[in-house]
1. Would you please put 26-35, 54-63 in order of how densely packed they are, using the mean number of other Cβ atoms within 10 angstrom per residue and starting with the highest?
2. List every residue whose amide H lies under 5 Å from the amide H of Asp87, counting only residues 5 or more places away in sequence or on a different chain, with H placed 1.01 Å from N in the peptide plane.
3. Can you tally the net charge around Asn80? Count Lys and Arg as +1, Asp and Glu as -1, for every other residue whose Cβ sits under 12 Å from the Cβ of Asn80.
4. Using a Cα distance threshold of under 22 Å, what count of lysine pairs results for region 19-107 when pairs must be 8 or more residues apart or interchain?
5. Could you derive backbone 3J(HN,Hα) for region 37-46 from the dihedral phi with the Karplus parameters 6.51, -1.76 and 1.60 (θ = phi - 60°), listing whole Hz in sequence and x where the residue is Gly or Pro?
6. Applying a 10 Å radius around every beta-carbon, put 40-48, 80-88 in order of their mean neighbour count, most first.
Amino acid sequence: MKNILICNRCRFLSVAHVKSIETVEIQTSAVCDMCKETIEKQLAFTKGVTSAELDVKTAIVTVSYKTNKTTIDDIRAAINEVGYDADERKAGKEAFDNLHECCKKDAH
């Protein structure tokens with residue numbers, strides 16, 4: 001009987017922690033298809049991100065993520081880590097300097 005109560009209790013807890021997925025659009029400093037590949041790959045390995053698609057023409061990345069696993073600020077930070085601006089958050093100088101020349105926002 002004790003095992004049944006624990007099992008029922010676990011089922012109740014898993015229902016209480018329903019995962020919410022939200023979508024956000026983030027303006028980046030991406031300029032080419034290489035940027036698209038870099039940003040999408042980075043976000044694919046970012047905890048909580050379920051999908052990411054960058055439109056090179058607008059430099060906007062559309063990201064779906066699990067709200068119980070990550071935040072918009074964490075997603076912006078992940079984009080910054082590979083050298084790109086994300087909304088008002090600027091990439092660090094070192095990360096930006098490591099980008100290929102064609103991927104630097106001032107190169108075009």
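1. Put in order of decreasing packing, that is 26-35, 54-63.
2. Here Gln27, Thr28 satisfy the definition.
3. Overall, the nearby charge balance is -3.
4. Lysine pairs satisfying the spacing and distance rule in region 19-107 number 27.
5. 4, 5, 5, 4, 5, 4, 6, 4, 9, 8
6. Numbers: 40-48: 15.1, 80-88: 18.8.
Result, highest mean Cβ count within 10 Å first: 80-88, 40-48.
Only the coordinates and a few stated rules stand behind these numbers; no lab work does. Because the structure is predicted, anything quoted here is derived from the model rather than measured. Virtual Cβ from ideal backbone geometry, glycine too; neighbours counted across all protein chains shown.
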